[in-house]
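Participant: Here it is: the structure, laid out below.
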Amino acid sequence: QTEEADVMLLSVPSYACQRKTTLQNHNSVFTDALTLLAENAEMEDEDGRGVAFRRAAAVLKALPKAVTSMKQLNGLPCLGDHCQRVIRDILENGISSEAEATRQSERYNALKALTGIFGVGAKTADRWIRDGIRSVAMLRDSGHALNRAQLAGLQYYDDINQPVTRAEADAIGDIVERAVASVLPGAQISLTGGFRRGKLTGHDVDFLITHPEEGREEGLMPKVVSWLDSQGFLLYQKTMRNSYLESKDGPARPPSSMDRFERCFSIFKLTTEQKQEALTAEAPTESQHPESQMKCGELKETGHAGHKPWRAVRVDLVVSPISQFAFALLGWTGSKLFERELRRWAGYEKAMSLSSHALYDNVQKRYLRAASEQEIFAHLGLEYIPPAERNA
Ligand code: DCP
Ligand code: MG
């Protein structure tokens, strides 16, 4: 009888965009190990292996309860031999020896420290390690030539590697709102990324800006950036065309409208006062807010840690014309794996190309319009998955 209870029948569809994945994870002991191995593979520039680990972790995150025996894995997708070995190790020994060995390896720790610098990717980190640099302190002492992003990354290293709270994200949202309202009244901002999915912390804060009248958003980013800069909110900023950034994203991009799609990588200076103001503004509704206690606690802590009355926060801004807004919102909400799986589903199952600008039907040879995320899921023949359930 126990045997039978043990073999709960688990089944999940194979694409992450076909599943509801909340933040409630019953299998974190397995997914933590697989995520660490994914992270390691990505830092080693082995993207294929990285995705395989991420897909396996996402399958386990979608399960309604904890895995307790290997038999339960029968029939589950995306669990190759390697991932099964990791899971078996944890079931038998409590830990994954491979994940532990990786966690303790000098190379993993060096890669993690160096890629933790804003502006430093896997290739640069590898080059520095081959030059004998294994830590941020060694990099500081090395006299290596650094670009502007990396200099800012080093300067604000500690702040940037401290998780951003929801209270801080809201305070930044207020500032971006003021910037946008003063340079283009009627423009709208949306919080995207992990915070839109309901995460309580993030590595940055992501915003999407648009205007309900097509074309009015043109030239908006430089204006927003100079307003923010003039008010002393920016420690660093670099504004770029999105076409350049998404060059490996697939073929579905209309070049003409793309030119207007801009992105700004920035580092904000958030003062304790600004954060306090955002909290006070929220005060009337605070009793309905489950995290309000925690937020105040955090604020106090930051206060008496007090080397300086402000912190640096990574903020990404994207401007989209309203005609592409639904695609941009879907594309910037994530998770990264969920996005990748949406594009894979579109290509392999529907002969369509999805990007954060458009959806192209390769059979009908035309773009499919959408004014909401719901319409995009419908075009793709997928059940609508709300942001809070895209945490694959
Ligand atoms: N995104 C993407 N591809 C990229 C960069 C971003 O698909 N190369 C999308 C998916 C992400 C979203 O944009 O969810 C925001 O990117 P982040 O790196 O900020 O990811 P999250 O906000 O999900 O995570 P975090 O909480 O760590 O900021
Ligand atoms: Mg983010």
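The values are calculated or read from the model by the stated rules, or taken from the named source; none is laboratory data. For clarity, every value in this text was computed on a predicted model and none was experimentally measured. Here Cβ is always computed from backbone atoms with ideal geometry, including for glycine, and neighbour counts include all displayed protein chains. Just the protein is used for accessible areas: all its heavy atoms, side chains included, with ligands, DNA and RNA removed. Shrake-Rupley method; radii C 1.70, N 1.55, O 1.52, S 1.80 Å.
Participant: Given Cβ point charges of +1 (Lys, Arg) and -1 (Asp, Glu) and nothing else, what value in debye, to the nearest 20, does the dipole of the range 303-378 about its Cα centre take?
Facilitator: For the range 303-378, the charge dipole is close to 280 debye.
Participant: Another one. Highest mean first, how do 215-228, 97-110 rank when packing is the count of other Cβ atoms within 10 Å averaged over residues?
Facilitator: Going from most to least packed, we get 215-228, 97-110.
Participant: Mind checking which helices in the chain clear 18 Å along their axis (Cα) and have mean Kyte-Doolittle hydropathy of 0.5 or more, DSSP H runs only?
Facilitator: 28-43
Participant: Taking all protein chains in place and a 1.4 Å probe, what share, in percent, of the accessible surface of the range 60-210 do carbon and sulfur account for?
Facilitator: Percent of accessible area from carbon and sulfur atoms in the range 60-210: 49.
Participant: I would also like to ask the following. If each of GLU92 and VAL363 carries a label point 7 Å out from its Cα toward its Cβ, how far apart are those two points in nm?
Facilitator: Between GLU92 and VAL363, the label points sit 4.7 nm apart.
Participant: Hey, which lysines would be in cross-link range of LYS123, C-alpha to C-alpha under 27 Å, not counting anything within fewer than 8 residues on its own chain?
Facilitator: Within the straight-line cut-off, LYS123 pairs with LYS112, LYS238, LYS248, LYS336.
Participant: Here's something else I'd like to know. Could you list the square roots of 5 times each eigenvalue of the Cα gyration tensor of the range 71-230, that is, the equivalent ellipsoid semi-axes, sorted largest first and rounded to whole Å?
Facilitator: Working from the Cα gyration tensor, I get semi-axes of 38, 26, 14 Å.
Participant: Could you work out the helix-only [θ] at 222 nm for the chain, with each DSSP H run of four or more residues adding -39,500 (n - 2.57) and the total divided by the number of residues, to the nearest 500 deg cm²/dmol?
Facilitator: -14000 deg cm²/dmol
Participant: Hey, rough spin-label estimate for MET70 and ALA145, points 7 angstrom out along Cα→Cβ, what's it come to in nanometres?
Facilitator: Here the modelled spin labels are 5.4 nm apart.
Participant: Set Lys and Arg Cβ to +1 and Asp and Glu Cβ to -1, take the dipole of the chain about its Cα centre, and tell me which of ASN25, TYR157, VAL224 lies farthest positive.
Facilitator: VAL224
Participant: Determine, from the Cβ-Cβ distance of GLU44 and SER372 and an R0 of 45 Å, the FRET efficiency 1/(1 + (r/R0)^6), rounded to the nearest 0.05.
Facilitator: Between GLU44 and SER372 the formula returns 0.70.
Participant: Let me ask something additional. Rounded to two decimals, what ratio of Rg to Rh does the chain give with C-alpha atoms and a Kirkwood Rh?
Facilitator: Answer for the chain: 0.97.
Participant: Right, here's the next one. With a 1.4 Å probe and all protein chains left in place, how much accessible area per residue does the chain have, in Å²?
Facilitator: Accessible area per residue: 48 Å².
Participant: Here is a further query. Take the Cα radius of gyration of the range 41-142 and divide it by 2.2 N^0.38 Å, with N its residue count; two decimals is plenty.
Facilitator: 1.32
Participant: For the range 116-160, what is the convex hull (Cα atoms) projected area averaged across all directions, in square nanometres?
Facilitator: The Cα convex hull of the range 116-160, projected and averaged over all directions, gives 2.8 nm².
Participant: Sticking with this one: Taking the Cα centre of the chain as origin, work out the dipole magnitude from +1 charges on Lys and Arg Cβ and -1 charges on Asp and Glu Cβ, in debye rounded to 20.
Facilitator: Dipole of the chain, to the nearest 20 debye: 680 debye.
Participant: Continuing with the same structure: Round to a whole angstrom and tell me the spacing of the C-alpha centers of the range 360-392 and the range 107-129.
Facilitator: The range 360-392 and the range 107-129 have Cα centres spaced 36 Å from each other.
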